[in-house]
2 protein chains.
Amino acid sequence: MARVEHPGGGRASTLSDVAKLAGVSIATASKAINGRDEVAPATRRRVLEAAEQISFTPNQLARSLLAGRTGTVGLLTSDLEGRFVIPILMGAEDAFGAGQVNVFLCDARGDAIREQHHLKALLNRRVDGIIVVGRQTDPRPSLGHDLPVPVVYAYAPSDDPADLSITPDNRAGGRLAVEHLVSCGRSRIAHITGDPAYAAAQDRLLGVRDGLRAAGLELVGEPMFSEWSEHWGRDATAMLLAQHPEVDGIVCGSDQIARGVLDTLRDLGRSVPEDVAVIGYDNWEVLATNSRPELTSIDANLQQLGRTAAKRVFTALDDELRSGTEYQPVRLVIRGSTIPRR
Amino acid sequence: MARVEHPGGGRASTLSDVAKLAGVSIATASKAINGRDEVAPATRRRVLEAAEQISFTPNQLARSLLAGRTGTVGLLTSDLEGRFVIPILMGAEDAFGAGQVNVFLCDARGDAIREQHHLKALLNRRVDGIIVVGRQTDPRPSLGHDLPVPVVYAYAPSDDPADLSITPDNRAGGRLAVEHLVSCGRSRIAHITGDPAYAAAQDRLLGVRDGLRAAGLELVGEPMFSEWSEHWGRDATAMLLAQHPEVDGIVCGSDQIARGVLDTLRDLGRSVPEDVAVIGYDNWEVLATNSRPELTSIDANLQQLGRTAAKRVFTALDDELRSGTEYQPVRLVIRGSTIPRR
DNA sequence: TAACGTGCCGAAAAGCATTTCGGAATTTTC
DNA sequence: GAAAATTCCGAAATGCTTTTCGGCACGTTA
C-alpha cells in the first residue's frame, strides 16, 4: 500500500476504527455520525470525539455503492478552449453547494470515438447524469436514448428533439443588439458575421432582422458572412465602408469580428462610438475589455446555463426528464463602443 | 429508483445477472470477463455472450472500493478563464489512455474556504491524487503534508519546498525570446512587461538579461512594469518610442501586452517586423494569430506540463513522491511579428 | 409482581466486483 | 484399474457504509 508513504494519512480511517475507539458497534457509530436519533447523547459524544480524533471521513465510494447515487456528473465537451465549458462547470457546481456535487470533465476533442470512450467510462463510474457541451450552437448528434442516466445538452443542442437541450437564445441576442443600437440613435445598421453554415450566424441574423423590422428600419447592404476571425472583421469593414459610407452602427457576429471592425474603423479615421457604434457578441472579457474603445457585447449567460443544465439533470433523477430545446435568455453588456465613456 | 424511467437502462446489470444468465457462479463470470485463465474456453464464451446480451459493464465503484484505487485525480484550480487548466487537463488525460483515468475538475475561484471544501470532497471520493493548478507562477500556499494522497502543484508552485511543483521555465523563456530577436539581427531591445509583483515578470526579465548578456548587449531603457493588459502595452510603447526611438526589438511579458504594443507601433507608423520586431509570451492562440502581423510568442507547453504532473501523481502511488520544483521547458512559436511572411 | 412499553444498541444484510482457496470432475500416469 | 495430477468451478471473504430489525435492560402500569 503506497498510501502509507504519505505521512499523516496512512490508511484512511474507517467507520469500524471509530467504532472500536469509541467502544460501540459500527451501526451505532454510523448513526451517531449521521445524526440519526436512536442513539444516546453521551454515546454520540463519544463517537464524535473518536471520529474527530482519527479524522474520520466517510468513504464516498461505499456510500455511493449503497445509495445507488454518486453525486457526480459527467461533463462531456469538445470545447478545446474551455471558453464555454468553464462557466458551465462553475454553474453546475453552483447549482448545489460547493463539494456537494463533483464534476468529471472529459474533453473529447471533437473525436466521436474518444467521446464514446469517455461516455463509457463515465457510465462505469456511475455518474448521476451527463451534460454534453458543444462549442457551436449547431445541433450535434445525440448520444442516444438507451442510456441509464439523464443527459442534458448545453450550448450545442442535440439533433434529436426527444433529448433535452439548453441553448442560448441567439435570435433574442441579435434583436437585443439592434434594439440597443437603435436606442443609441442609430438607423443605418450593418451586420458583419461569421460562417453562414453556423446556426449561430443564421439565428443572430434573424434576430437582427426582427429588431430592424420592429424599428421600421432596413439592414444596410447585405449581411456579410465569412469566418469568425479578426481578419474578416477588418476586411469586411473596409468593404462595407467603401460601399456604404453612411453606416452608423455595426452588429458583429462575435467579439473577434468586432475587434477587427474596430481596427479598421480606426485606420480609416472613423471614431467609435461617435461616427459608428459597434456591438460584439459573446462578451469574451479578454477581448471585449481590452479594445479601443471597450466593446459592448451580448453575453450568453453561460454560468446560468450551466446551473440550469445541472438542475435539470438532478431533477430528472426523481422525475422524468423533459425533452425539447430550452432557450436561455441572453443579456447586454454595455461598454464604450456604443456609448461614449467619460 | 428513478433510473427505471430511462429506457434501455433500467437497473444497470450486475455481474450476478451475467452469471445467472450464463449458468455459472459469480466468481467464474468475473474471471471469464477479466481474462483470467482459470476458465474453460467454452465457459468463457458463454459468459461473454451473456455479458454482451445484457450489456454488462462492471461497476467502477465496487471495483475501486475493493482495489483501494479509483483511477481518478482531482484537479483543483483557481484559473477562472480555464486558459491554463484546460491544456493541463488534456495532458493529464493523455498521460494514460482516454477513459483510463478520469478527472474531477474543481474551481475554487481563488477562495481558500471553497478550496478546502473541494479538497475534502475529493478526499472523500478517494481520488488517487491531486493536481493543484494556479493561474500565476507565484508560489501559492501548500495544501499541507498530512494528506493521504500525493499532490502535485502545476503552473503555480507550492511555497513549501517539500512539495513537488512543476512550473514553466520562465527564465529560459525570457532568454529564448531575446536569442530569437538577436538571431533576427536586432540589437536594440526593450522589455515591456506586467506587474512586477509577479514572479513571472521577474523571472522572464532575468532570462531577458541572460540573453542580452550572452549576446554582449544591454537592455534599451529600463524594463517597463505595470499591468498585464493591452492598455499598458499601448501606453508603454508610446513612452518607449518617445525616449528611445532607436529600439528595433521588443520583448513583451504577455501576448496581451504585445497586442497593445503592435497597436501603438502601427499608430506611430513603425512597421512590424521591419522596423521593430515584437515577441509575446504565452502563445494564447486567439490573441497571437489574430493580430497584425501574427505574433511570435513563447509557449509554455502546458499540455506537456499536465502530462508530467499526472505521471508524477501516479508514479507516486507506487514510489515516494519526489519534492522540489521542476522547471518545464518552453518553446518558441515563430510568426510574422519577428520574421516577415511571404 | 407480572405484563407491557420505551429507549439504545448490535448483528446482519445489502450494495457489487474481485480473489483466494477448497473441492469436484476429468485426465494422465504407472 | 487405482493413484496422482490437472483443470475448472463455486463458496466465501474482502472492501466500507447504511439500514433494518431483533433484543436487552430499564422503567412504568395494572
*Working from Cα positions, state the angle (0 to 90°, nearest 10) between the long axis of helix A:112-124 and the longest principal axis of chain A.*
30 degrees
*Which of A:GLY173, A:GLY82, A:GLY134 moves the most in a Gaussian network model of chain A with Cα springs under 10 Å?*
A:GLY82
_Treating only the Cα positions of the protein assembly as shown as identical point scatterers, give the base-10 log of I(q)/I(0) from the Debye formula at each q in 0.09 Å⁻¹._
-0.88
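Need one value for A:119-127: mean number of C-beta atoms belonging to other chains within 10 Å of its residues' C-beta atoms. Walk me through the numbers on the way to the answer.
On the way: counts 1, 2, 9, 3, 5, 10, 9, 6, 1.
Per-residue shielding by partner chains comes out at 5.
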*Rounded, prolate or oblate: pick one for the stretch A:170-299, where a ≥ b ≥ c are the square roots of the eigenvalues of its C-alpha gyration tensor, a/c under 1.5 means rounded, and failing that, prolate if a/b is larger than b/c, else oblate.*
rounded
*Putting +1 on Lys and Arg Cβ atoms and -1 on Asp and Glu Cβ atoms, find which of B:GLN243, A:VAL276, B:LEU205 reaches farthest to the positive end of the dipole of the protein assembly as shown.*
B:LEU205
*Under 20 Å from the Cα of B:LYS20, which aspartates and glutamates turn up, not counting those fewer than eight places away in the same chain?*
B:GLU38, B:GLU49, B:GLU52
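Do you know the relative contact order of chain B, to the nearest whole percent, from alpha carbon pairs under 8 angstrom that are 6+ apart? Intermediate values should be presented prior to the final figure.
Values: 679 pairs, mean separation 55.6, N = 342.
16 percent.
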*From the label point of A:ALA62, set 7 Å from Cα along Cα→Cβ, how far away are the matching label points in the other copies, in nm, ordered shortest to longest?*
1.7
_Under the rule a/c < 1.5 gives rounded, and otherwise a/b versus b/c splits prolate from oblate, where does chain A land using the Cα gyration tensor?_
prolate
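Would you mind working out the magnitude of the charge dipole of chain B relative to its Cα centre, with +1 at each Lys and Arg C-beta and -1 at each Asp and Glu C-beta, to the nearest 20 Debye? Please list the in-between numbers first.
Numbers: 38 positive and 44 negative charges, 266 e Å.
About 1280 debye.
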*Using a 10 angstrom cutoff on alpha carbons, build the Gaussian network for chain B and name the most mobile of B:ASP37, B:ASP79, B:ASP111.*
B:ASP37
_Extension gain (nm, one decimal) between A:ALA162 and A:ASP267, 0.36 nm per residue minus Cα-Cα_ = 32.8 nm
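Just to confirm a number: summing +1 for Lys and Arg and -1 for Asp and Glu over residues other than B:SER78 whose beta-carbon lies under 14 angstrom from that of B:SER78, what do you get?
Charge balance in the 14 Å sphere: -2.
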*Copy-to-copy spacing for B:LEU332, label 7 Å out on the Cα-to-C-beta vector, in nm, shortest first?*
4.9
*B:SER183/A:ARG109 FRET efficiency (R0 22 Å; Cβ-Cβ; nearest 0.05)*: 0.05
_Ranking of A:PHE96, B:PHE225, A:PHE84 by count of other Cβ atoms within 10 Å, fewest first_ = A:PHE96, B:PHE225, A:PHE84
*Under a point-charge model restricted to the Cβ atoms of Lys and Arg (+1) and Asp and Glu (-1), what is the dipole moment magnitude of the stretch B:52-111 relative to its Cα centre, in debye to the nearest 20?*
220 debye
*Between copies, how far does the label point of B:GLU49 sit from its twins, in nm, shortest first, when each point is 7 Å from Cα along Cα→Cβ?*
6.4
_Just to be sure I understand the model, the point goes 7 Å from the Cα along the line to the Cβ. What's the resulting A:ILE339 to B:LYS120 distance in nm?_
4.3 nm
_Taking each residue in A:139-147, count the Cβ atoms of any other chain within 10 Å of its Cβ, then average. What number comes out?_
2
*Using θ = phi - 60° and the Karplus curve 6.51 cos²θ - 1.76 cosθ + 1.60, what whole-Hz ³J(HN,Hα) does each residue of the stretch A:296-304 get, with Gly and Pro shown as x?*
5, 8, 9, 9, 7, 6, 5, 5, 4
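For A:SER78, A:SER271, which order do you get if you count the other beta carbons within 10 Å of each Cβ and list the fewest first? Spell out each step's value before the answer.
Details: A:SER78 21, A:SER271 11.
Ordered from fewest to most neighbouring Cβ atoms within 10 Å, A:SER78, A:SER271 come out as A:SER271, A:SER78.
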*asked:* Restricting everything to alpha-carbon atoms, can you work out Rg to Rh for the stretch B:91-157 with a Kirkwood hydrodynamic radius?
replied: 0.95
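Classify the stretch B:126-202 as rounded, prolate or oblate, taking a ≥ b ≥ c as the square roots of the eigenvalues of its Cα gyration tensor: rounded when a/c is under 1.5, otherwise prolate if a/b is larger than b/c and oblate if not. Intermediate values should be presented prior to the final figure.
Details: a/c = 4.16, a/b = 2.73, b/c = 1.53.
Taking the square roots of the gyration eigenvalues as a ≥ b ≥ c, the stretch B:126-202 is prolate.
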*Relative to the Cα centre, what is the charge dipole magnitude of the stretch B:170-299, using +1 at the beta carbon of each Lys and Arg, -1 at the beta carbon of each Asp and Glu, and rounding to the nearest 20 debye?*
260 debye
*Return, ordered by residue number, the residues of the stretch B:132-157 whose backbone nitrogen is under 12 Å from a label point located 7 Å along Cα→Cβ of B:ALA199.*
B:134-142, B:153-157
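Where a number appears in this text, it was derived from the coordinates with a stated rule and is not lab data. Predicted model, so just to flag it, every value in this text is computed and none were measured. Glycine gets a Cβ as well: all are built from the backbone with ideal geometry, and neighbour counts include every protein chain shown.
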